[in-house]
Amino acid sequence: MGLSIAGVCFIILGLIAFALPAAYEGELLLLLTPQHALHVMDVAGSFAVGLGVVLTWLAGRLWQRQMRR
């Protein structure tokens, strides 16, 4: 149960990082086009969402394993 909660929290934090205004996005890492760029908080948000997905997937696998016993 705790793994699922942690996963959901990381997903929410990652989505919040994606939704930050331009003033809070941090350093510019990669300029894709004049209208699109990759900033530090975009990378942090991607990492947090990815970690959250892995944690919730792992929690689901552990839950299925316990249900088989």
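Read-outs throughout are calculated quantities, based only on the coordinates presented, and are distinct from any laboratory measurement. Since the model is a prediction, treat every value here as computed from it, not as a measurement. Neighbour counts are summed over all protein chains in view; Cβ atoms, including those assigned to glycine, are modelled from backbone coordinates with ideal geometry.
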message: If I build a Gaussian network model for the chain, linking alpha-carbon pairs within less than 10 angstrom, which residue out of LEU38, LEU51, LEU13 has the largest mean-square fluctuation?
response: LEU38
Spherically averaged projected area in nm², based on the convex hull that wraps the Cα atoms of the chain: 5.2
field: Footprinting exposure proxy for ARG69, ARG61 (fewest neighbouring C-beta atoms within 10 Å first)
entry: ARG69, ARG61
field: the chain, relative contact order [Cα under 8 Å, separation at least 6], %
entry: 46
query: Just ALA37, ALA48, ALA19 to compare: in a GNM of the chain, with alpha carbon springs under 10 Å, which one fluctuates most?
result: ALA37
